[in-house]
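The values are calculated or read from the model by the stated rules, or taken from the named source; none is laboratory data. A quick note: this is a predicted structure, and the numbers were derived from the prediction, not measured. Positions of Cβ are generated from backbone atoms using ideal geometry, with glycine treated the same way; all protein chains shown enter the neighbour counts. The protein model used for the area step is the full one, side chains on, heavy atoms only, and it has no ligands, DNA or RNA in it. Shrake-Rupley method; radii C 1.70, N 1.55, O 1.52, S 1.80 Å.
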Amino acid sequence: MTSYTIALNFEDGVTRVIQCDDDEKVTDAAFRQKINLPMDCRDGVCGTCKCFAEKGEYELEFYMDESMSDEEAEQGYVLTCQMIPESDCVLQVPATSALCKTAPETVEGEVLGVDALSDTSFGLRVKLARPLSFLPGQYVNVTVPGTDAQRSYSFSSAPGSNEARFLIRNLPGGVMSSYLGQRAAPGDALALTGPMGAFYLRPVERPQVWLAGGTGLAPFLSMLEQVADKGIDHPVTLYYAVTRAADLVELDRLTALADRIGKVTVVTILAAADETHDRKGFVTDHLGADDLNGGDCDVYLCGPPPMVDAVRAHFGGLGIEPASFHYEKFNPTEAGAAAA
Ligand code: FES
């Protein structure tokens, strides 16, 4: 049976993901997955369930003028009680997640292993008590074993697995870094709460430009895992920028994914002046108008705040506005993330 992934973006910034079966209406699928979308008549009459479809293809079975005008339907508004998806979709829900009685879930896990990938990053592998539903690019809050602290990390693994993987920046003195570097042992218990964040891969309709700064590579690994499973119709160029060659991690995995997908180009960039490399400097030094397909591209960026600001200013300098620009900023500390 075909099943589509529907991202529900609530007005308080929470995003939840549901699966909608063939011929299933979105409100029914949501209800089955314990999310009460606003709804009253269920017949396309009252308009209570009206949302905005940011992406995706769908059928609307029936609606009355009183509930939604043809003009609204053309703009992308939908009645979710009458909406049958024909592709993955992204919906903006004009209600809070609390009102829809949904909240991030907490899943228990245990440490499978910690890999010191470089001096500046760890790989953390976690066995989950059950798979956590998320969109590639989203993050979870992870408890640091033996403490009350929580830290936010993007998955570097694909959804739907009992094993979650993360790339974690090694911050000397940081709570999670100290745990991973000094005390972590297989079997340690931790809890994951999520998913969180609006930084996730939308349905791909044009060339993709993905920009990763340091461990900002994690969400792109997750996206590539999904693309490798589902396929993609447009080229992806992933720019992976770090300070030194020794900071480049997961290159074998990137190469294997790129070979499997066939439409992915990985470009590495080193910032340190004393390194020898084909591409030196910052990502903006290697991103011209042609690389951005004259603006007909979706740009995704995960990196530190100065990288986001620099790339945004660079677009302005080139006079190019990409069709979409999604980004997630690291906080300078280990905790938190801000997506747009
Ligand atoms: Fe009334 Fe959908 S619930 S139109």
>> If you count only protein heavy atoms with a 1.4 Å probe, what accessible area per residue comes out for the range 221-275, rounded to a whole Å²?
In response: 45
> Can you count the Lys pairs in the chain with C-alpha separation below 23 Å, eight or more apart or on different chains?
Replying inline: 13
> Per 10 Å bin, what is the whole-percent P(r) computed from every C-alpha pair distance within the chain?
Replying inline: 5, 24, 32, 24, 12, 3, 0
> Using +1 on the beta carbon of Lys and Arg, -1 on that of Asp and Glu, and nothing else charged, what's the dipole of the range 174-329 about the Cα centre, debye to 20?
Replying inline: 300
>> Given a 1.4 Å probe and heavy atoms of the protein chains only, how would you sort Cys51, Cys41, largest accessible area at the top?
In response: Cys41, Cys51
>> Treating the range 147-197 as a set of equal point scatterers at the Cα positions, no solvent, please give the Debye-formula log₁₀ I(q)/I(0) at q = 0.17, 0.22, 0.26, 0.29 Å⁻¹.
In response: -0.61, -1.03, -1.35, -1.47
> Which Cα, out of Ser97, His234, Leu117, lies furthest along the positive dipole direction of the chain (beta carbon charges, K/R +1, D/E -1)?
Replying inline: Leu117
>> For the range 23-39 and the range 126-167, what is the centre-to-centre distance using only Cα atoms, to the nearest Å?
In response: 26
>> Compute the helix-to-body angle for 251-261: its Cα long axis versus the longest principal axis of the chain, expressed 0 to 90° and rounded to tens.
In response: 40
> If you place +1 on the Cβ of every Lys and Arg and -1 on the Cβ of every Asp and Glu, how big does the dipole about the Cα centre of the range 90-180 come out, in debye to the nearest 20?
Replying inline: 180
>> Please list the three semi-axes, largest first and in whole Å, of the ellipsoid equivalent to the range 61-125, using sqrt of 5 times the eigenvalues of its alpha carbon gyration tensor.
In response: 44, 16, 11
>> Given an 8 Å cut-off on Cα distances and at least 6 residues of separation, report the relative contact order of the range 102-158 as a percent.
In response: 24
> Given the range 1-135, what whole percent of its Cα pairs are spread farther than 26 Å?
Replying inline: 32
> To the nearest 10 degrees, how steep is helix 218-230 against the longest Cα principal axis of the chain, on a 0 to 90 scale?
Replying inline: 50
> Leaving out ligands, DNA and RNA but keeping every protein chain, what accessible area does Lys263 have, in Å² rounded to the nearest 10, with a 1.4 Å probe?
Replying inline: 90
>> Compute, for the chain, the length of the dipole vector about the Cα centre, with Cβ point charges of +1 (Lys, Arg) and -1 (Asp, Glu) only. Units Debye, rounded to 20.
In response: 1380
>> I'd like the carbon and sulfur percentage of the solvent accessible area for the chain, probe radius 1.4 Å, heavy atoms only, ligands and nucleic acids excluded.
In response: 47
>> What value in Å³ per residue do you get for the convex hull of the alpha-carbon atoms in the range 1-61?
In response: 96
>> I need to check one value: relative contact order of the range 199-315, counting alpha carbon pairs closer than 8 Å and at least 6 residues apart, in percent.
In response: 33
> Between Ala53, Ala289, Ala184, which gets the highest mean-square fluctuation from a Gaussian network model of the chain, Cα cutoff 10 Å?
Replying inline: Ala289
> When Rg is the radius of gyration of the Cα atoms in the range 139-272 and Rh is its Kirkwood radius, what does Rg/Rh come to?
Replying inline: 0.98
>> I want the antiparallel fraction of DSSP beta bridges within the chain, as a percent rounded to 5.
In response: 60
>> Using only Cα atoms and rounding to the nearest 10 degrees, what angle (0 to 90) does helix 305-318 make with the longest principal axis of the chain?
In response: 70
